[in-house]
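Following: one structure in C-alpha cells, then a few remarks.
The values are calculated or read from the model by the stated rules, or taken from the named source; none is laboratory data. Just so it is clear, the structure is predicted and the values come from calculations on it, not from any experiment. Note that we place each Cβ from the backbone using ideal geometry, even for glycine, and neighbour counts take in every protein chain shown.
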Amino acid sequence: MFDFIFKRTTAQTQATPNAPGAAETGAAASAAADSTSRRDEQAQRAAALAGDEAGAVALILQSEFAGVRLAAAEHVQSQAALEQVLAAMRNTDRRVAKLMQGRLDAIRYQQAELKKAEACLDQAQRLLKEEKLTPNQVAELDRQWAITSAVPAVAEPYAAARAALGARLEAQVALQRTIIDAMAVVRQLPDAGLPADQAEQTLARHAADLADYQQAPEHAALPRHLLSDYNQAIEQARTALSAAARQATAAAATPATPAPAAGVASAAGATAAPAGAADAGATAPAATDAATDPAGNAGTDTSAPAAPPAKKERPPKPQQSKEVEKKFLETLEAMEAALEQGSLHAAAEHDKWLKDHKIRLSQQQTDHLNHVRAQLKRLADWARWSGNVSREELVKAVEELPAQGLSMSELAQKVGSMRERWKELDAVSGHAPKGLWEKFDAACTAAYAPAAAHFKHLAEERHANAAKAQALIDETLAMAEAAAGGADLKNVAAAVQRLRQVWGRLGAIDRKEKRKLDQAFDKALAHMQAPLSEQRKIEAAKREELIAEAEQLQPADRHTLDKLRRLQERWQELAKALPLERKIEQALWQRFRSVCDAIFAKRKETAHAADHERKAHLHAREDICKTLETATFSGEDKAQLAAIAQTLRDAQSAWNGAGVVPRAAEARINERYQAAVASVQAQADAIKRRAGAAQANALRDKLRLVQALEQSIAGHGEQLDADAWQARWTALPPLGGDYDKALQGRFAAGVTALEAGREAYAKQLEANRTKLLDEVLRLEIVAGVDSGAEFARERLKMQVEVLQSSLKSGQKPLSATAAYLQLCAMPALADDRTVSRIEQLLRRIGGSERA
C-alpha cells in the first residue's frame, strides 16, 4: 500500500547525477542560465513599457518567450499595430494572435456601430430639412437607433436632432388640434345666439386665422381636406349669418297693421326658422328674399314678386336640395337596415353623414329619424357594454400570456392578434375608456417585452455577424494585396482554407445583406487565389516530372530503391512547400504511388525463393500454435498443473527452434502463439482459482461456525452443549494450513469457555468487538475493498494514522497472509454487517494467497 513512498525516494535517488556525469551537463546548465537571464531581462522590458506601443511591437517581434510576448501584447491598442502583430504572430504564437484578433474585431465593430450612428444622425438631419414630416419616418429612425450601440460622439447631436423632430411632431399635433377646435367653434357659431356684429367679427377672425394656418410651418403635414373643410365651414357659417341678418331686417321693416301681410310674414318667419335650424345655407335665402320685397307694399301679395329674384340669383339650388334630400332619405333607410342587421359601425357612419347634411323634414320624417337614432343609441350602449366586457377579458388573456411559456414567435403573434382584436372592438363597440386602454397597453407591453428583447438580440446578432463578415472581407482583400505583392503562397493557401472555414461558421445575417456579402467575399477570395492558382499549375507540372522519372526507373537496378527514395523525398518537399487542391493532389499522388508500388512488386518477385523458406517456418509455427490450441488436460489438479507446465516448456523450445517467418505474417503468428499460450495458462489459472475458492468456502464455513459458537457464549443464537458444537466442527471438511490452526485454536477456546469461564470469555468477546472493527477496516484499506459510506471518516483517519506510524517507525506493515490469520484468530463478537465485510475480505484469499 505504501510502496509508492519508497518508489518516489528511489526515483529521486536515481535522478541525482553522479559525480562523473555532472561535468557533462555543465553546458546545458549554462545554456539554461543564459535563457533564464534573457527571459528575465525581456520580462523587465515588458513591465517597463507603460503604454509604449512601438516598443511593445518591437519586443513582441524579437522575443522568443511566449510569456514576454503576451505581456507586451497588453500594450498594443491601435489598429495598425494590431494588424502588424497579428500578421507576424498568426502561425507563431496562438495566444497573442487570438488577443490581437479579438481587439481588431472590437475596433471594427465599434467602427461599424459608428457608421450606423452617423447614418441615423444624417437621416435625422434630412428629416429636419423635409417640408412634410410624418410620424412613421420618425418611428423608423427610432428603430434604427435602438439597434445601434451607444456612440458618445454621435449621441449628443442625435439627441438634439431627435428633440427637434419631436418638437415638429408636437407642432403638427398642436396645429391640427387648433384647426379642429376652431372648426367646431365655426360650425356652432350660427346657433350660438350671439349679436350679429359680434358673430361677424368672430367669423372674420376665424377667416383670418385660416390664412395663418395655410402659412404655418407644419401645414404640409396636415390631413387631407382639413383646411378645405375648415374653409367650407366658414362659408356655411357666413351664409347662415347672412340669412339670419336678412330675415331680421325684413322682420323689422314690415308694418304690423295690415293683417294679410303680417300673416304672410309670420308664415315666412315660421318657415325660415326651422330651415335655419336644419340647413341655413339651403333654405334661408329664399325666405329672406320673400320677406324683403323692394316695393314694401303691405297690401299686396309678396310671394309672387319674391320668386323671380330667387330664380335669377340661384337657379341650381332647388335641384341640389332635391338631390341632397333624396340622398338623405336613402341614407336614413340604409341606417335603419344596418341597425336591423346589427352592423353598428355602418349605422354610425350613416348617422354621421346625416348629421353633416341637414334638410327640411316633415314631422313624420323627424319622428322616424329620432326613432332610428334612439335605436342606434340603444344598440351603441349595448355594444359599448359588451365591448368593455370583451376588453376586460382581453386584458385578462394578455396578462396570462407570460405564464404560458410560449416561444418568442408565438408570443409576438399572440400579442399582435390581441391588439388587432382590440381595434376590431373599437370599430364595433366604440372607443374604450382611457383607463382600460392604458391597462391593456401596459399588459401588452409587459407581455411583449421578452419577445422584443429576443428579437432585438437576434437583430444585434445578425448585425454583429454582418460586421464580422465585412471584417473578414476586408481581411481577405488585404491578404489578396499582400499575395499580389509576393507573399508566401503556402501561407496564402492556409489562409484561404482558414477564411473559408471561418466564413462557413458565421452566424445568421439579414437576407438582403447575405447575398451581397457572399458575392463580395467570393470576389475577394478569387482575387486572393489568382497568384496561388498560377503557382499551383507550376507545382503540378513539377509533380508530373517526378512521375515521369519514376516510370523510367529499372526495377532490377541495384540503385533503384535509392533513386525512388529520393524521388519520394522530393515529392514530400514539394507537398510541404505548396499543397495543391485536394482533388488534384490526391490524383497525382495516386499515380506516383502506383508507379512506386509497381517497382516494389517487381522487386518482390525476385525474392520468392526466400519467401518459400519463410513460409515453411511459418507452417511449423502454425503447427505449434495448433497443438497448444487443442491441448486438453485431465486428472487431479496437481497433475493437470504439472502437465500444463511441461506442455508450455515444450512449445517454447519448439518455437525457438523454428526459423524466420515472412515479415507480413510475423505479427499475426506471434499474436496467435501468445493467444494459445494465454489459453493454456488460463486453464492453469482456472484450476488455481477453483482451489482457492474451495479453500475460501471452507474457511468461511468454519469461521461462521466459530462466530456462531461465540454468539452462543454471549447469550445470543443457539444454545448447544460442547459435544454438539464439536460434532458440527468435525462435520466440516479439513482446511489445512495456518488458517485451520488459527480457527482450531479459536474454536477450542470457545468450547472450553462453554464448560468453564463462560462469563469471562463473553466479556473478552465484547471487548474485542472494537478491535475487530479496526482490524477489518485496516484490511479493507490494504486490500482496496470499499468499506461503505458510514465508515468513510474512520477509514480516512486510519489511513493517515497508518501512514504516519509507518513513516515514523520505518517498518513495513504485515503481509496479507499474516493479517488474515490474525483476523481469523481474534475471538470477538460481530454483527451481520461486520460478518459480511469479513467474508468479503476472506474471498480474496482464494485469489491472492493462491497467486
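Couple of notes before you dig in:
- Considering residues of region 48-65 that are in contact with a helix residue (DSSP H, G or I) (Cβ under 7 Å, 6 or more places away or on another chain) and among the small types (Gly, Ala, Ser) only, the residue nearest to Leu86 (Cα to Cα): Ala56
- For region 125-144, the criterion of being crowded, with 18+ Cβ neighbours inside 10 Å, out of contact with any strand residue (DSSP E or B) (no Cβ under 7 Å at 6 or more places or on another chain) and of a type in the set (Ser, Thr, Tyr) is met by no residue.
- Answer from Ala211, Ala164, Ala216 - the residue that is of a type outside the set (D, E, K, R), modelled with pLDDT of 85 or more and either under 22 Å from Asn231 (Cβ atoms) or outside any loop (DSSP other than H, G, I, E, B) (or both): Ala164
- Flag if Arg758 is out of contact with any His (no Cβ under 6 Å at 6 or more places or on another chain) and closer than 30 Å to Leu618 by Cα: no
- Considering region 343-443, the qualifying helices (runs of 4 or more DSSP H), each wholly inside and each with 1 or more residues that are of a type in the set (Gly, Ala, Ser) and within 47 Å of the chain's Cα centre (by Cα), run over 363-399, 408-429.
- Test: residue in region 757-780 that is surrounded by 12 or more Cβ atoms within 10 Å (Cβ to Cβ) and outside any helix (DSSP H, G or I): yes
- Here the condition is being within 21 Å of Ala830 (Cβ to Cβ), in contact (Cβ under 8 Å) with a residue 24 or more places away in the chain and of a type outside the set (D, E, K, R); of Leu705, Leu777, it holds for Leu705 alone.
- Where a residue in region 57-80 is farther than 12 Å from Ala47 by Cβ and its partner, wherever it lies, is among the acidic types (Asp, Glu), with Cβ under 9 Å and at least six apart: Ile60/Asp93; Ala66/Asp93; Arg69/Asp93; Leu70/Asp93; Ala73/Asp93; Val76/Glu53; Gln77/Glu53; Ser78/Glu53
- Options Ala106, Ala146; residue that is in contact (Cβ under 8 Å) with a residue 60 or more places away in the chain and within 24 Å of the chain's Cα centre (by Cα): Ala146
- Scanning region 677-692 for residues that are touching a Leu at 6+ places or on another chain (Cβ under 9 Å), surrounded by 15 or more Cβ atoms within 10 Å (Cβ to Cβ) and over 12 Å from Gln640 (Cβ atoms) yields a total of 1.
- Test result for Asp723, within 23 Å of Gln640 (Cβ to Cβ), assigned to a helix (DSSP H, G or I) and acidic (Asp, Glu): no
- Which numbered condition Ile624 misses (of (1) in contact (Cβ under 8 Å) with a residue 24 or more places away in the chain; (2) surrounded by fewer than 17 Cβ atoms within 10 Å (Cβ to Cβ)): (2)
Every residue, every condition in (1) at pLDDT 80 or above; (2) of a type in the set (Lys, Arg); (3) loosely packed, with under 14 Cβ neighbours inside 10 Å; (4) within 20 Å of Asp426 (Cβ to Cβ), yes or no:
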{"site": "Leu344", "(1), (2), (3), (4)": "no, no, no, yes"}
{"site": "Lys358", "(1), (2), (3), (4)": "no, yes, no, no"}
{"site": "Arg378", "(1), (2), (3), (4)": "no, yes, yes, yes"}
{"site": "Trp385", "(1), (2), (3), (4)": "no, no, yes, yes"}
{"site": "Val395", "(1), (2), (3), (4)": "yes, no, no, yes"}
{"site": "Ser409", "(1), (2), (3), (4)": "yes, no, yes, no"}
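- The residues listed here are Leu720, Leu699; of these, the one that is assigned by TED's automatic domain parsing to the domain that holds Leu765, of a type in the set (A, V, I, L, M, F, W, C) and at pLDDT below 75 is Leu720.
- The set of residues from region 116-158 being over 24 Å from Val173 (Cβ atoms) and assigned to a loop (DSSP other than H, G, I, E, B) comprises Ile147, Thr148, Ser149, Ala150, Val151.
- Matching residues, region 560-600, being surrounded by fewer than 16 Cβ atoms within 10 Å (Cβ to Cβ) and hydroxyl-bearing (Ser, Thr, Tyr): Ser594
- Selection count where residues are assigned to a helix (DSSP H, G or I) and of a type in the set (Asp, Glu), scope region 70-112: 2
- Per this entry, Thr606 is counted among residues that are loosely packed, with under 15 Cβ neighbours inside 10 Å, of a type in the set (Ser, Thr, Tyr) and modelled with pLDDT under 80.
- The residue of region 151-172 that is surrounded by the fewest Cβ atoms within 10 Å (Cβ to Cβ), among those that are within 30 Å of Ala106 (Cα to Cα) and free of Cβ contacts under 8 Å to residues at least 12 places away in the same chain, is Pro152.
- Among the candidates Leu61, Leu49, the residue that is touching a His at 6+ places or on another chain (Cβ under 8 Å) and surrounded by 11 or more Cβ atoms within 10 Å (Cβ to Cβ) is uniquely Leu49.
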